[in-house]
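Participant: Here it is: the structure, laid out below.
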Amino acid sequence: MKNFIYIFSALLITSCMPNKKNSNEINIYSQRHYNVDEIQYKNFEKLTGIKVNVTKANADELIQRMKNEGDNSPADLFITVDVGKLWQGGDMGLFQKFDNESVFENIDSQLLDNNSYWVPVTYRSRVIVYSNERVKKEELSTYEDLSNEKWKGRLLVRSSSNAYNQALMSSLVENLGSENTSRWSEGVVANFARDPKGSDRDQVKAIAAGQGDIAIVNSYYIGLLLSSLKEEEIKAGKAVSVFFPNQGENQRGAHINISGLALTKNAPNRDNAIQLIKYLTSIQAQETYVKNSFEYSVNPDVSPDEIVQSWGEFKKDPVDLNSLGTNRNEAIRIFDKTGWK
Amino acid sequence: MEIKKIKQTNSRKFIFSTVIFSIIVVLPIVALIFSTINIDTSNFKYLWNNLLLDYSFDTVYLVLITSFFSLIFGVFPAWYISTNNFRGKNIYDVLLYLPLAIPVYIMAFTYSDILSYTGPMQSFLRNYFPELAVFFNQDYLQIEILGIIMALALYPYIYTACRLSFSLVGSNYIDLSRSLGMSRTKTFYKIVIPLSRVSIFSGLFLVIMEVLNEYGAVKYFGVNTFTSGIFRSWYSMQDVETASLLAVFLFFIVVLFFSLERFFNLRYNFHYKPNTKKFKTESPSNIKKIIIHFTCMLPVLLGFIIPILFIIGNVIYEFERIDFYKVINLTSNTFIVSLIASSIIIVIAVYFQFLKRIIKNKTLTVFNEAISLTYALPGAVIGLSLIILFSSFSFKTEVLIGSFAVLIYAYVMRYMAVGISPLKSSFEKHPASYDDTAVNLGMSPLKLFKSIHLPINKSAIAIAFLITFVDIIKELPITLILRPFNFDTLAVQTYEYAIEEMIPKSSIYSLTIVMMGVILLIFLKKIINKEIDVSKS
């Protein structure tokens, strides 16, 4: 019994100690929990000998944690899948600006932050997918058209608590103004085939099941379904086609969002962090991303995965990506006002 | 005179120590409440005007559905097993506990996969019975289905409570009622249920708290509960203060609800004579046998066998790609944190219960109740409250946030109520005369504890320990927010794969959670059975 108490208290005491400081490391707070990220970090460790430590959680929880930890935060990098959160962190003063221009070297300039607070590592488009059986490609045109009555009872989308939907709504606020966007949202809600629920993949499955005809989803989910090991999922993926909206001559292009990272204000391992960023935007790492997650590369020299290429090229909405953060609150209010659950 | 004086100073010391303990446990909530003073209430008003009515409606509806099915799945099998003799009874008795090993979110993700259009059920029907497939091709992400799924994961709380209580009520009352001409059914509704009210409610309370805390599954099903409101303001509106305010608001609603229940139960506070005679079990007729088997089989099949077969199927399917080193590593992480946290909980809970027995003091009772109430907060909010608390200290917080100590602190806060609940009923069960006699014999409190309370409450202590342990193995939101770098538990890994819809990949981790839980629950079952037998003999 006594021994047990000794062991127990020893465990307790050691548990209170912080992790040992090690200068050859880097600490990441990440929202991304894809397998491909682990592969990237392992490759980086092999290449440089710098140990990568990761804590994964929801972006808002990590932001809150950094805010409260203040100058003592052990984090060097913050990684998220929505530019809105990167804008927010910058706005809250949690990040430092990149003065080292070489981190932007490999990146498409349309995807860069005007304030130099964050660096994109991949991007994705929020597209329309449609049933091959029940919808003709010609019937589709723009996001705006989704409020058209002809889609009544046919449109599927997930809930408004999802950041991808919030970013899309924010882009519409930026492009169309609040009033027009509200009207649009009302029309869209009236067209819902069912209450918003499930994930992006569930919307595709619901089309395959005949519960709706078109859905708003992120592009890479179609790639993931088509490369699934389950035959039924591949079938569901094959039941739909990808459509990039707003591609007409005078139209702005399809909405995109980035996955990106930012350097924290007091990054204790700043140099290592810069090294990792350069690595993640290098051709080698970018190729790893596109092959494993079906996202688009931020490096113009890296072409997408074959499945993704088969959807064709598309025009990206050139809106300032930070506006997807600045318009967020307005977007939420539009969702709530128009009853988009 | 002299003796009394010593006793008084002693009890003051004890009360002081419990106050300190309680304050440590509830301190994060206090920090949370303080953080909401002087906040800008515009977002709160906005949520109030636009969403909270809908959210409250969904919350109440979901709580009702889940409670209803938990009671159905819990009370009736417990009654049949306590009063009837039939083949397979002992196996049912164990199996009926086991869904407790499956976390609610795993149950929900598993079922949504089983039921989905590309899942096994619909695929099978499409391939072999196309006519039937049309009928089963439905949207299964509905609040009613969610309620049933949650009930399947949570009913064992009620089953456990009922099994214990029905055996304690004992045959004296039942025999009396039967000899007065009441039928078995009537006896059940008029005698057994009212006598077991308190324990059924304590099980139901845990069920309701779990429903209020659930976020992942609820969001996936497109249901908005009050907790969704908290996360709406935190995640979508980036307003942590309003989120805290809503959490505090929810907390007080639960406190109110809890106190009302206490108040009404006090009016019915009677002590029944503990069971002295062995339960007379009945050999049921054939028709009744069918009913009994159906009633016991249904929750076992839906709550355990089907999901576990599905998970095992996925494990076999993914077998070649499993990283066993990682599985072992995460299992030991999970085991260690759960062991430390549940041990601390049990020590504190036992201390409190023991003091409550030997010192009759109002303050003590209040604090005793207070430390259970942290259970009313969603895990993520407990995580937030600890971040707020520790960052308000001026010293280096990195030492604390992201260390095991804070993680364990959070577990202790969150699961104190789970540990207290079985101890409480056990400590209250034994007559006060034990203590009086012992004190009259000049026993010191420590001696009294060691030679009387520890032995007679041994089973309850083991039960409390095992239940907390199982709960902490399953814990998710707190671990996600507060864990140290590179530290994952089985629950975290399961969740990360599950939200990316890589259910097959997550299955080995969920299976490990379930297996750990099953082993612990079988231990638990043995202890409970011994309890039941002891009270029978």
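Participant: Got a sec? Which of A:R183, A:R194 is over 24 Å from A:E295 (Cα atoms) and either surrounded by 19 or more Cβ atoms within 10 Å (Cβ to Cβ) or within 10 Å of chain B (Cβ to nearest Cβ) (or both)?
Facilitator: Of A:R183, A:R194, the one residue that is over 24 Å from A:E295 (Cα atoms) and either surrounded by 19 or more Cβ atoms within 10 Å (Cβ to Cβ) or within 10 Å of chain B (Cβ to nearest Cβ) (or both) is A:R194.
Participant: Got a number for residues in segment A:289-341 being closer than 23 Å to A:E105 by Cα and aliphatic (A, V, I, L, M)?
Facilitator: Of the residues in segment A:289-341, 5 are closer than 23 Å to A:E105 by Cα and aliphatic (A, V, I, L, M).
Participant: Of these, B:I81, B:I72, B:I20, B:I37, which one is over 24 Å from A:S160 (Cβ atoms) and not in a helix (DSSP H, G or I)?
Facilitator: B:I37
Participant: Turning to a different aspect of this structure: Would you mind telling me which numbered condition in (1) out of contact with any helix residue (DSSP H, G or I) (no Cβ under 9 Å at 6 or more places or on another chain); (2) more than 14 Å from chain A (Cβ to nearest Cβ) B:S510 fails?
Facilitator: (1)
Participant: Where in segment B:305-378 are there helices (runs of 4 or more DSSP H), lying wholly inside it, with at least 2 residues that are closer than 28 Å to B:I114 by Cα and touching a helix residue (DSSP H, G or I) at 6+ places or on another chain (Cβ under 7 Å)? Talk me through it step by step, then tell me what you get.
Facilitator: Values: elements: B:306-318, B:324-358, B:362-370.
Because the criterion is at least 2 residues that are closer than 28 Å to B:I114 by Cα and touching a helix residue (DSSP H, G or I) at 6+ places or on another chain (Cβ under 7 Å), the helices (runs of 4 or more DSSP H) in segment B:305-378 that meet it are B:306-318, B:324-358.
Participant: Being β-branched (V, I, T) and either out of contact with any Phe, Trp or Tyr (no Cβ under 8 Å at 6 or more places or on another chain) or modelled with pLDDT under 90 (or both): is that true of B:T59 here?
Facilitator: Considered against the rule, which asks whether it is β-branched (V, I, T) and either out of contact with any Phe, Trp or Tyr (no Cβ under 8 Å at 6 or more places or on another chain) or modelled with pLDDT under 90 (or both), B:T59 comes out as no.
Participant: Additional query: Restricting segment A:48-62 to residues that are more than 23 Å from B:Q238 (Cα to Cα) and within 22 Å of the chain's Cα centre (by Cα), which is farthest from the other protein chains (Cβ to nearest Cβ)? Talk me through it step by step, then tell me what you get.
Facilitator: The first filter runs over segment A:48-62 and keeps only residues more than 23 Å from B:Q238 (Cα to Cα), leaving A:48-54.
If we keep only those that are within 22 Å of the chain's Cα centre (by Cα) as well, we get A:52-54.
Details: A:V52: 9, A:N53: 4, A:V54: 6 Å.
Residue satisfying both the conditions and the ranking: A:V52.
Participant: Among the residues of segment A:72-83, which ones are more than 9 Å from chain B (Cβ to nearest Cβ) and in a helix (DSSP H, G or I)?
Facilitator: Result: A:V83, single match.
Participant: Give segment B:206-243 a look and list any residue that's under 11 Å from B:P378 (Cα atoms), assigned to a helix (DSSP H, G or I) and within 11 Å of chain A (Cβ to nearest Cβ), or say none.
Facilitator: Those that are under 11 Å from B:P378 (Cα atoms), assigned to a helix (DSSP H, G or I) and within 11 Å of chain A (Cβ to nearest Cβ): B:S228, B:F231.
Residues are listed down the side, and each one gets a yes or a no for (1) closer than 21 Å to A:D202 by Cα; (2) outside any loop (DSSP other than H, G, I, E, B):
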residue: A:F98; (1), (2): no, no
residue: A:S102; (1), (2): no, yes
residue: A:V119; (1), (2): no, yes
residue: A:R124; (1), (2): yes, yes
residue: A:V129; (1), (2): yes, yes
residue: A:E133; (1), (2): yes, no
residue: A:T142; (1), (2): no, no
residue: A:L146; (1), (2): yes, yes
residue: A:S160; (1), (2): yes, no
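Participant: Can you find a residue in segment A:200-208 that is under 20 Å from A:I332 (Cβ atoms) and either within 11 Å of another protein chain (Cβ to nearest Cβ) or in a helix (DSSP H, G or I) (or both)?
Facilitator: Within segment A:200-208, one or more residues are under 20 Å from A:I332 (Cβ atoms) and either within 11 Å of another protein chain (Cβ to nearest Cβ) or in a helix (DSSP H, G or I) (or both).
Participant: Tally the residues that are surrounded by 12 or more Cβ atoms within 10 Å (Cβ to Cβ) and either modelled with pLDDT under 80 or hydrophobic (A, V, I, L, M, F, W, C) (or both), restricting the search to segment B:1-24.
Facilitator: First, the residues of segment B:1-24 that are surrounded by 12 or more Cβ atoms within 10 Å (Cβ to Cβ): B:7, B:10-12, B:14-15, B:17-19, B:21-24.
Of the ones still in play, those that are also either modelled with pLDDT under 80 or hydrophobic (A, V, I, L, M, F, W, C) (or both) are B:7, B:10-12, B:14-15, B:19, B:21, B:23-24.
Going through segment B:1-24 one residue at a time, the tally reaches 10.
Participant: Hey, another quick one. If you take the residues of segment A:221-246 that are within 11 Å of chain B (Cβ to nearest Cβ) and within 21 Å of the chain's Cα centre (by Cα), which of them is surrounded by the most Cβ atoms within 10 Å (Cβ to Cβ)?
Facilitator: A:L225
Participant: Would you mention how many residues in segment A:104-114 are assigned to a loop (DSSP other than H, G, I, E, B) and exposed (fewer than 14 other Cβ atoms within 10 Å of the Cβ)?
Facilitator: Qualifying residue count for the region: 2.
Participant: Out of (1) more than 25 Å from B:L168 (Cα to Cα); (2) modelled with pLDDT under 95, what's the single condition that is false for B:L302?
Facilitator: Evaluating B:L302 over (1) more than 25 Å from B:L168 (Cα to Cα); (2) modelled with pLDDT under 95 leaves (2) as the failure.
Participant: Taking A:S303 as the residue in question, decide whether it is among the small types (G, A, S) and surrounded by 20 or more Cβ atoms within 10 Å (Cβ to Cβ).
Facilitator: no
Participant: In segment A:308-325, which residues are in contact with a helix residue (DSSP H, G or I) (Cβ under 7 Å, 6 or more places away or on another chain) and buried (at least 17 other Cβ atoms within 10 Å of the Cβ)? Full working, then the answer.
Facilitator: Start the filter on segment A:308-325 by keeping residues that are in contact with a helix residue (DSSP H, G or I) (Cβ under 7 Å, 6 or more places away or on another chain), which leaves A:308, A:316-319, A:321-325.
Listed by number, the residues that qualify are A:V308, A:K316, A:D317, A:V319, A:L321, A:N322, A:S323, A:L324, A:G325.
Participant: Confirm whether B:Y140 is without any contact (Cβ under 8 Å) to a residue 40 or more places away in the chain, within 11 Å of another protein chain (Cβ to nearest Cβ) and within 26 Å of B:T59 (Cβ to Cβ).
Facilitator: Numbers: without any contact (Cβ under 8 Å) to a residue 40 or more places away in the chain: yes; within 11 Å of another protein chain (Cβ to nearest Cβ): yes; within 26 Å of B:T59 (Cβ to Cβ): yes.
Against the criterion (without any contact (Cβ under 8 Å) to a residue 40 or more places away in the chain, within 11 Å of another protein chain (Cβ to nearest Cβ) and within 26 Å of B:T59 (Cβ to Cβ)), B:Y140 qualifies.
Participant: Can you tell me which residues in segment A:62-104 are among the acidic types (D, E) and in contact (Cβ under 8 Å) with a residue 12 or more places away in the chain?
Facilitator: Answer for segment A:62-104, where residues must be among the acidic types (D, E) and in contact (Cβ under 8 Å) with a residue 12 or more places away in the chain: A:D71, A:D76, A:D82, A:D91, A:D99.
Participant: What pairs come out if I take residues in segment A:313-330 that are part of a loop (DSSP other than H, G, I, E, B) and pair them with residues that are β-branched (V, I, T) whose C-beta lies under 7 Å away, six or more apart or interchain?
Facilitator: That search, which allows pairs on different chains as well, returns A:D317/A:I256; A:L321/A:V83; A:L321/A:I258; A:N327/A:V173.
Participant: Please find, among A:E69, A:E45, the residue that is more than 7 Å from chain B (Cβ to nearest Cβ) and either more than 19 Å from the chain's Cα centre (by Cα) or closer than 13 Å to B:L482 by Cα (or both). Walk me through how you get there before you give the answer.
Facilitator: Values: A:E69 fails: more than 7 Å from chain B (Cβ to nearest Cβ).
That would be A:E45, the only listed residue that is more than 7 Å from chain B (Cβ to nearest Cβ) and either more than 19 Å from the chain's Cα centre (by Cα) or closer than 13 Å to B:L482 by Cα (or both).
Participant: Considering only residues of segment B:176-206 that are more than 21 Å from B:S70 (Cα to Cα) and among the charged types (D, E, K, R), which is surrounded by the fewest Cβ atoms within 10 Å (Cβ to Cβ)?
Facilitator: B:K186
Participant: Here's a check for you: in segment A:22-42, which residue that is in a loop (DSSP other than H, G, I, E, B) and closer than 22 Å to A:Y164 by Cα is nearest to the other protein chains (Cβ to nearest Cβ)? Let's see the steps before the verdict.
Facilitator: Step one: list which residues in segment A:22-42 are in a loop (DSSP other than H, G, I, E, B), which gives A:22-24, A:31-34.
Narrowing further to those that are closer than 22 Å to A:Y164 by Cα: A:31-34.
On the way: A:Q31: 11, A:R32: 10, A:H33: 4, A:Y34: 7 Å.
Of everything passing the filter in segment A:22-42, A:H33 is nearest to the other protein chains (Cβ to nearest Cβ).
Participant: Among the listed residues B:S244, B:S202, which satisfies the condition of being of a type in the set (S, T, N, Q) and over 20 Å from the mean Cα position of the chain (by Cα)?
Facilitator: B:S244
Participant: Within segment A:288-305, work out how many residues are closer than 18 Å to A:N43 by Cβ, outside any helix (DSSP H, G or I) and polar (S, T, N, Q).
Facilitator: Selection size over segment A:288-305: 2.
Participant: Please work out which residue is farthest from the other protein chains (Cβ to nearest Cβ), limiting yourself to segment B:351-370 and to residues that are closer than 15 Å to B:V25 by Cα and modelled with pLDDT of 80 or more.
Facilitator: Applying the filter and picking the extreme gives B:F352.
Participant: Separate question: Please go through segment B:145-156 and give me each residue that is surrounded by fewer than 24 Cβ atoms within 10 Å (Cβ to Cβ) and either under 21 Å from A:Q203 (Cβ atoms) or at pLDDT below 90 (or both), ordered by number.
Facilitator: B:I145
Participant: Something else about it: Name the one entry in B:M107, B:M121 that is crowded, with 19+ Cβ neighbours inside 10 Å and part of a helix (DSSP H, G or I).
Facilitator: B:M107
Participant: If a residue must be away from chain A (no Cβ under 14 Å) and among the β-branched types (V, I, T), how many such residues does segment B:445-494 contain?
Facilitator: Selection size over segment B:445-494: 9.
Participant: If A:N162 meets every condition in (1) within 14 Å of chain B (Cβ to nearest Cβ); (2) touching a residue at least 12 places away in the same chain (Cβ under 8 Å) apart from one, which number is that one?
Facilitator: (2)
The values are calculated or read from the model by the stated rules, or taken from the named source; none is laboratory data. The model shown is predicted, which means the values in this text are computed figures rather than measured ones. Every residue, glycine as well, gets a Cβ built from its backbone with ideal geometry; the counts of neighbours run over all protein chains shown.
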